[in-house]
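One structure is given here, and the rest of the page talks about it.
Just so it is clear, none of the values below were taken in a lab; they were calculated from the coordinates. On a predicted model such as this, the values are computed, not experimentally measured, just so you know. Don't worry about glycine lacking a Cβ; one is built from the backbone with ideal geometry, like all the others, and counts go over all protein chains shown.
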Amino acid sequence: MAKNDSRMFGNLVRVLMLALIAAAIYTEMRKPPEEREWHGRLANLIPYDFRFPTAERIRERMWNPNDPHIFTEHVFGVGWVINFHTLLDRLQMLSKEPETEPVQEANDLPEDIP
């Protein structure tokens, strides 16, 4: 039973992705040819980009130290991709020991404190 459920879920995800791709292409094809950019957002929410990927855009989306977001717009296709620089930076922050300030001993306190 669980195998059928996972297969059905996988099929649902595939159908959803194909529908999003079709919707993005339809959005672009409705525009006059001179206005087609082949990148944008579906319902102002889901990003799409069907331009040929460039090294600069791959680096900008997948390894961008200036972008605080873990998920950025996909380099090619519909949806999001992981900004690995930000992800690794945040994972390192989680694994670091918190820095603590040294505790002052009673002998180290200024003399004017009662």
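Taking the criterion of being hydroxyl-bearing (Ser, Thr, Tyr) and closer than 20 Å to Thr27 by Cβ, the only residue of region 42-79 that qualifies is Tyr48. Taking the criterion of being in contact (Cβ under 8 Å) with a residue 40 or more places away in the chain and either of a type in the set (Lys, Arg) or closer than 15 Å to Trp80 by Cα (or both), would at least one residue in region 25-44 satisfy it? The answer is no; no qualifying residue exists. Within region 55-93, being in contact (Cβ under 8 Å) with a residue 40 or more places away in the chain and touching a strand residue (DSSP E or B) at 6+ places or on another chain (Cβ under 6 Å) holds for one residue alone: Val78.
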